[in-house]
Amino acid sequence: MLALSAEGILPKVDYAIFADTGWESKAVYSHLDRLEREIAKPAGIPILRVTSGNIRNDALDPGHRFASMPLYILNQDGKAGMTRRQCTGEYKIKPIKKQVRELLGYPYPARIPRDVFVEQWVGISTDEFHRAKDADVKYMRNRHPLIDLGWSRSDCIRYLSSLGLADTPKSSCLGCPFHGNAQWRQIRDTSPAEWADVVEFDAAIRKGNARANATGNRLLGEAFLHRSRIPLSEAPIDHVTAAEWAALQQELGAEEDAEQLEEGAPDGCSPWTCRGEIAATQDDFGLAT
């Protein structure tokens, strides 16, 4: 959407907002810098980076109130469970709303007049039209330009490729439990330092977040980043899941070979449409006009 706006295919936006959880991959931060340098600045579109803190540090800080990640739980009786997902609201939606209020000139707790609002673009493509929703506050009105254009995820990939941006990475926390096996493999095989980081974090949250442990609310069971509920260093991430096969068969065509299908499911995270392992992702920007 940012590139479409910069090229004049879509109207020029006033701002692009990136919600930074503090624990994205190096590839995402490098890509963001490139977008700012090569696309946004030449078009006169400021990219605003907002944050509520570092989600990794907060989870391991016994003195910090932590908005829980959706960790996979193995209960003492052997039954599987999952913790509540609060991280999207705390680390993405909250800082974006705070920034939008400031741009409108009505920082919290000021009351925003009914006729003052921002038009927010959300990057949902036709593949996920059912995720297109109205904003939950009156000072933000959602628009879905990719749906208006009739663009699918494949259309977006072709357009990015035409701009030399075919290597656009998926935006999500480095240790997001919603990663598919393909994304875990990508981290392990291309970035040893980041792999060591997520393996260390996975071990550190085995009994839940540090704040809960410090206050005597120790997790009755064990927490894991991988859906197998096995330590990440031992998890079966080399297994190509059914979700990976299905997603890539749809995207690339059923006759593509297995080597291409190893690329993985299009997982990722967006502030307005948090996605799991089989959902498509566009980007992590809020664009305001």
Discussion item. Exactly one condition in (1) in contact with a helix residue (DSSP H, G or I) (Cβ under 8 Å, 6 or more places away or on another chain); (2) open to solvent by 40 Å² or more (accessible area, probe 1.4 Å); (3) closer than 24 Å to T190 by Cβ is false for Y29; which is it?
Written reply: (1)
Worksheet, complete the sentence: Considering the stretch 182-201, residues that are of a type in the set (A, V, I, L, M, F, W, C) and surrounded by 18 or more Cβ atoms within 10 Å (Cβ to Cβ), and then whichever is nearest to E244 (Cα to Cα), we arrive at A182
Discussion item. Within the stretch 108-135, take every residue that is out of contact with any strand residue (DSSP E or B) (no Cβ under 8 Å at 6 or more places or on another chain) and under 22 Å from M1 (Cα atoms) and give me the one that is surrounded by the fewest Cβ atoms within 10 Å (Cβ to Cβ).
Written reply: H130
Discussion item. Could you go through the stretch 181-192 and let me know if any residue there is touching a residue at least 40 places away in the same chain (Cβ under 8 Å), out of contact with any Gly (no Cβ under 6 Å at 6 or more places or on another chain) and assigned to a loop (DSSP other than H, G, I, E, B).
Written reply: yes
Discussion item. Which residue is nearest to W23 (Cα to Cα), if the candidates are limited to the stretch 66-80 and must be over 22 Å from the mean Cα position of the chain (by Cα) and touching a residue at least 60 places away in the same chain (Cβ under 8 Å)?
Written reply: L74
Discussion item. With part of a loop (DSSP other than H, G, I, E, B), open to solvent by 60 Å² or more (accessible area, probe 1.4 Å) and touching a residue at least 12 places away in the same chain (Cβ under 8 Å) as the only criterion, which of G53, G63, G22 stands out?
Written reply: G63
Worksheet item: Taking the stretch 80-107, which residues are modelled with pLDDT under 95 and open to solvent by 100 Å² or more (accessible area, probe 1.4 Å)?
Response: R84, R85
Discussion item. For the stretch 136-152, which positions are open to solvent by 60 Å² or more (accessible area, probe 1.4 Å) and touching a strand residue (DSSP E or B) at 6+ places or on another chain (Cβ under 7 Å)?
Written reply: R141, R143
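The values are calculated or read from the model by the stated rules, or taken from the named source; none is laboratory data. Just so it is clear, the structure is predicted and the values come from calculations on it, not from any experiment. Because the Cβ atoms are built from the backbone with ideal geometry, glycine has one as well, and the counts that use them run over all protein chains shown. For the accessible areas, the whole protein counts, side chains as well, though only heavy atoms, and no ligand, DNA or RNA atoms are used. Shrake-Rupley method; radii C 1.70, N 1.55, O 1.52, S 1.80 Å.
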